[in-house]
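Worksheet for the structure shown next.
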């Protein structure tokens, strides 16, 4: 009898909790919203979160805060959101590491799709291959030919094992049959600094970080992973133009809430974030960082995440990228 009463109480409590979430969706938001950034202040995720938070605070009439929770290549902040109350008041501004960390790090302990309610993508940015000016390879074709002729002689820096720049480099090697000597750093910045200093020969860098060094002639760009050439570096060909088809990859940004967030709240968040990205001042900040604004429905973001997770999981298995 006591067991039945306990079960009945738990069932009733669950119904009350669900009813509370449903009621909360009617007047959402009625308190501050927290955008978690799983990295330290100053990076791209942090910049975009703060621009969006400012805009949403104005349009929603409620404070939208940015909460930096750095550590473990974004895992700490991501797990915090995965286990947060699914009421829409805690979301994360995620990037490509959201999909790749679970297949690279055994300590990730979250599912990039099942543990989250995708809200919308925000934008995407290409990867650019840059080399030190002293490297005597003037084109991507020459770079590939040399890497095949002298496997492992070219050192490739990255922002760390499992980072976007690392995955880009490994993907490139698979697509071209080349072999580069990977040197992981604790962030893209240090890797670019060593590329400028000549300690490494190349890096597949997020475009926003590398462009200032390219325009200042401190690094030379060989190819960019966008569908068409970038206006800021019009002489740099796309990978496809340079002879590597289907090399369409790069960084992306998106908003996710915890799994179980009520559908009306998900749709409200989607509407508000999409509108915020389209605001002229927000769009301008994205484009200044060479990020192309790109929003969509929760369903479209979910489908994209499934493709990303499957794509990089296969690369990890093929190449053997793993951090215990």
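The values are calculated or read from the model by the stated rules, or taken from the named source; none is laboratory data. Bear in mind the structure is a predicted one, so any value in this text is a computation, not a measurement. Neighbour counts are summed over all protein chains in view; Cβ atoms, including those assigned to glycine, are modelled from backbone coordinates with ideal geometry.
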Number of the condition not met by residue 137 [criteria: (1) within 20 Å of residue 220 (Cβ to Cβ); (2) within 15 Å of the chain's Cα centre (by Cα); (3) surrounded by fewer than 22 Cβ atoms within 10 Å (Cβ to Cβ)]: (2)
Quick one: in the range 286-314, which of the residues that are crowded, with 18+ Cβ neighbours inside 10 Å, part of a helix (DSSP H, G or I) and touching a helix residue (DSSP H, G or I) at 6+ places or on another chain (Cβ under 8 Å) is modelled with the lowest pLDDT? 312
Scanning the range 49-74 for residues that are surrounded by 20 or more Cβ atoms within 10 Å (Cβ to Cβ) and either out of contact with any strand residue (DSSP E or B) (no Cβ under 6 Å at 6 or more places or on another chain) or not assigned by TED's automatic domain parsing to the domain that holds residue 268 (or both), which turns out farthest from residue 123 (Cα to Cα)? 73
Can you name the number of the only condition in (1) within 21 Å of residue 84 (Cα to Cα); (2) modelled with pLDDT of 80 or more that residue 51 fails? (1)
